[in-house]
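Q: Okay, here's the structure, questions in a sec.
What follows draws every value from the coordinates through simple rules; no lab data is involved. Keep in mind the model is a prediction, meaning the values are calculated, not measured. Virtual Cβ from ideal backbone geometry, glycine too; neighbours counted across all protein chains shown.
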6 protein chains.
Amino acid sequence: MATALCPGSFDPPTNGHIDVIERASRYFDSVVVAVIANPSKEPLFSLEQRSDMLRDALTHVDNVEIASFDGLLVDFARDRDLGVVVKGLRAISDFEYELQMAQMNSNLSPGLDTMFMTAKPEWAFLSSSLVKEVARYGGSIDGLVPPGVAKALQGAFPTP
Amino acid sequence: MATALCPGSFDPPTNGHIDVIERASRYFDSVVVAVIANPSKEPLFSLEQRSDMLRDALTHVDNVEIASFDGLLVDFARDRDLGVVVKGLRAISDFEYELQMAQMNSNLSPGLDTMFMTAKPEWAFLSSSLVKEVARYGGSIDGLVPPGVAKALQGAFPTP
Amino acid sequence: MATALCPGSFDPPTNGHIDVIERASRYFDSVVVAVIANPSKEPLFSLEQRSDMLRDALTHVDNVEIASFDGLLVDFARDRDLGVVVKGLRAISDFEYELQMAQMNSNLSPGLDTMFMTAKPEWAFLSSSLVKEVARYGGSIDGLVPPGVAKALQGAFPTP
Amino acid sequence: MATALCPGSFDPPTNGHIDVIERASRYFDSVVVAVIANPSKEPLFSLEQRSDMLRDALTHVDNVEIASFDGLLVDFARDRDLGVVVKGLRAISDFEYELQMAQMNSNLSPGLDTMFMTAKPEWAFLSSSLVKEVARYGGSIDGLVPPGVAKALQGAFPTP
Amino acid sequence: MATALCPGSFDPPTNGHIDVIERASRYFDSVVVAVIANPSKEPLFSLEQRSDMLRDALTHVDNVEIASFDGLLVDFARDRDLGVVVKGLRAISDFEYELQMAQMNSNLSPGLDTMFMTAKPEWAFLSSSLVKEVARYGGSIDGLVPPGVAKALQGAFPTP
Amino acid sequence: MATALCPGSFDPPTNGHIDVIERASRYFDSVVVAVIANPSKEPLFSLEQRSDMLRDALTHVDNVEIASFDGLLVDFARDRDLGVVVKGLRAISDFEYELQMAQMNSNLSPGLDTMFMTAKPEWAFLSSSLVKEVARYGGSIDGLVPPGVAKALQGAFPTP
């Protein structure tokens, strides 16, 4: 009865994130999406906003829970007794960073495993920061983020 | 109730393979190890030998089955109604090739997903072909492969 | 009045190749597709077959010519007075190999430049050899290659 | 009659930039160098200085125009009716980032293509930020940047 | 009679750093560890603290000297008449950055060479910044850094 | 008093190989160039020819010895009591393969270290196999290989 732990800043969640979480929910009994409360880079959206965006975009997925944490992922995993982290991978640079984190986490908490799912090719270029940059300059982000996120981004960056 | 599909040539299985299969067996209800019957490179060990080596090295894992297939992985997955492939990753070049295969498989059989687990750092350098090369020249492969594989390799490459 | 030189084995051409040639034809006055007559790996299709496949798939592109060469690309480029090679790129490993070839070509023929176009994300996993492997085992390659190529592959690998 | 669009911060332009623009000017009818007015990192040189440096270093190239833009590159490309972006590539990490940008741009403005040229091997290590760091500590940047840029850097970082 | 020059911020030194310096000391007559006095990112520990940490962790290595420098590494190398830099490599991204620096240094000071040693696989995930992040949140860094560094980190980030 | 061990097939040696050996000879008391007698790919030149080519190209380097070995590098290193392998690196793919070999060697013979030197940028594209391919088709390899190698390649591939 394994539960997948999907951590991230989700500032904001993109369709790439949602796709990975949806697919993880098929292979695991349940999925805990763990929003990093205070990412090292000051987030555009509050923890509450980011959690709500995820909740809205995942209403059709039954076995998913939105949680949040502050501090080390390994502590959150231990508290919740979760043994496997599931992360989406887009590109090589992702892979290196995620591999480093996976190995550090496994070192801090022996037995904590990490599994990777690749993003769909058509979303390989998507990232939260690129989406924010496009939205800031009024570019169209339709089809790249869930509708609720698109609306929130338009609110955050009103067309001049 | 997901079953993980772990395909490979396993010519021979290394401790890196065994480690990935063991760890996958913790997060999935069961694991089907699918040995490629006729890999493109002529194998050193027969399909029966490779299957036996895997069976021997995995006796302590209850929820694992050793199977084999010829042809396309997607056909085997469809026949067995398996939805998720689990592969070990060592390095960047692995990642690129595995990503290419994952995307081709997803294109051939929409809904067939691939998840990746990273090898333990101490086995990041291990590959079946490197193990064979070392054994061929009488180098020590203890600790790199299961005991039964070490014995089989010594039989295949007797010390001069 | 620049002409782009698009070299390759095209054994067989894929939709990824056709896409790159089509797009190159928009930015250059004309495109010379140069089929490598005798690639280092024995081709499945004859030079004539590969040339015909390209011709059929590119009938809608006016400014493209199908040619072939034996030997060094730089000699062909010099004979035809072509100054810029255009290659498609899929992945990192492609990039490294193509970069090596581009630099060797520029060393052999100072002034011969290479430009790269990236494959569309949905074709990033496509390669001639993967397409052949799938066809060999009866997998569906519809949508991955031009119709004429699909037919030729079915002829080369008849369903058992 | 294609025009190449060469965007960048050019803070300052290096010989690597100039080399790519020069070579692009041979294969395209004209080249529009588009200076990013307000890069995300506060530039050392003003937009006017960066534009003048490019103009000075490219006086020998007839078919080049120095322009600037604020906001999204796709909007600038649409306004000017330009269909192909040309970027220099140095290394793998460049490639990944540039690929991500190319795919986002193609998503935002279907039909906007990106082509890559590789830097000459002897300039593969060059970047604007490394040049600034060297100049800041009084290292010699002769031969790495156009003479006008070298002078401007000496002005910006006077020898103590 | 060659002396190896091992530069770095060492903020703080990790077991990966110490391992590379130890191993370099076997193949060179002596090793000069050159601490970057003012790294571009504001360091957590003062130059004196970082130098002391290195000195403490390397008392068992006879032929090593702890020095520091401000400005360009090539100037320090020239002043001390040192001809070869030795750097540890962890991953691909390290490699690219280090290669860029090595080529810039060789350009600034022809004859200044760089040699690379790979980190032990079990320390491939270690970095000073990751160690600091873990310590900041009270995670265990035992076995990742020398004992003196562990103590200093606990001082810098007292458990709440 | 360290001796560097530079192994390779050297079929044939290129200027990139010679450059790395020359530079290694400055930082080590001596260099043993160890020619792999029977590389996995059938060599173009005999062991004697490859050894002679290296000897000719390195007459100006005093502290270098040309040797050869069959079997595992670690056995040769142990027989000769050599503790450090020095290899040239060109590109990322080199790096991954060399890293794998270095870690396997360190596993087979704890204490056997590997150091890497990067090729000069202008030789980053050079490889023995590419040189042979160019020579086979009559391309100019002057400046890419030592004069004696150029002559031998012209003998091996006479202009038609």
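Q: Normalised by the residues of the stretch D:3-124, what does the relative contact order come to in percent, with Cα pairs under 8 Å and at least six apart?
A: This gives 31 percent for the stretch D:3-124.
Q: Moving on. Check cross-link reach from residue F:120 to the lysines: straight Cα distance under 21 Å, and skip same-chain residues fewer than eight apart.
A: Result set, ordered by chain and number: D:120, E:87, F:87, F:132.
Q: Once the label point is placed 7 Å from Cα along Cβ, list for residue B:37 the distances to the corresponding points in the other copies, in nm, shortest first.
A: Residue B:37 label point versus its equivalents elsewhere: 4.2, 4.2, 5.7, 6.7, 7.2 nm.
Q: Oh, and also: Within 10 Å of each Cβ of E:73-80, how many other protein chain Cβ atoms are there on average?
A: For peptide E:73-80, the averaged partner shielding equals 1.
Q: Is there a simple number for the mean count of other chain Cβ atoms within 10 Å of the Cβ of residues in B:104-111, and what is it?
A: Average neighbour count from other chains, rounded to a whole number: 5.
Q: Then there's this: What is the distance in Å between the Cα centroid of the stretch F:60-132 and that of the stretch A:96-155?
A: Going from one Cα centre to the other spans 39 Å.
Q: OK, next. Kindly provide log₁₀ I(q)/I(0) values, in the same order as q = 0.13, 0.17, 0.19 Å⁻¹, from the Debye equation applied to equal alpha-carbon scatterers of the stretch D:3-124.
A: After summing over all Cα pairs, the log10 values are -0.48, -0.86, -1.10.
Q: Please list, in chain and number order, the residues 5+ apart from residue E:87 or on another chain whose amide H is under 5 Å from its amide H, with Hs placed from the backbone.
A: So residue E:87 has HN proximity to E:115, E:116, E:117.
Q: Further, regarding this structure: Can you list, shortest first and in nm, the gaps between the label point of residue B:48 and those of its counterparts in the other copies, using a point 7 Å from Cα in the C-beta direction?
A: 4.8, 4.8, 7.0, 7.6, 8.6
Q: Moving on to the next point. Quantify how much of the Cα-Cα distance distribution of the protein assembly as shown extends past 51 Å, in percent.
A: I get 19 percent for the Cα pairs in the protein assembly as shown exceeding 51 Å.
Q: Considering chain B as a Gaussian network with a 10 Å cut-off on Cα pairs, which listed residue, B:72, B:126, B:82, attains the greatest mean-square fluctuation?
A: B:72
Q: Next up: Starting from the eigenvalues of the Cα gyration tensor, five times each then square-rooted, give me the equivalent ellipsoid semi-axes of the stretch C:120-160, largest first, whole Å.
A: Ellipsoid semi-axes (Å, largest first): 18, 11, 7.
Q: Right, here's the next one. For chain F, give the share of DSSP beta bridges that are antiparallel, in percent and rounded to the nearest 5; count only bridges with both residues there.
A: Counting only bridges with both partners in chain F, antiparallel ones make up about 0 percent.
Q: Here is a further query. Shortest first and in nm with one decimal, please list how far the residue D:67 label point sits from its counterparts in the other copies (point 7 Å along Cα→Cβ).
A: 3.4, 5.3, 5.3, 5.8, 6.5
Q: Sorted by packing (mean other beta-carbon atoms within 10 Å per residue), highest first, where do C:152-159, A:146-153 land?
A: A:146-153, C:152-159
Q: Calculate, for residue B:42 and residue D:38, the FRET efficiency according to 1/(1 + (r/R0)^6) with r their C-beta to C-beta distance and R0 41 Å; round to the nearest 0.05.
A: 0.10
Q: Between residue F:64 and residues 5 or more places away or on another chain, which pairs have amide H atoms under 5 Å apart, with H built 1.01 Å from N, and which residues are they?
A: Under 5 Å from the amide H of residue F:64 lie the amide H atoms of F:31, each far enough along the sequence or on another chain.
Q: Right, another one. Find, among the residues of chain D, the one whose Cβ sits nearest the axis of the rotation taking D to F; state the distance in whole Å.
A: D:121, 2
Q: Based solely on its DSSP helices, what 222 nm [θ] is calculated for chain D when runs of n ≥ 4 H residues each add -39,500 (n - 2.57) and the sum is averaged over all residues, nearest 500 deg cm²/dmol?
A: -13000 deg cm²/dmol
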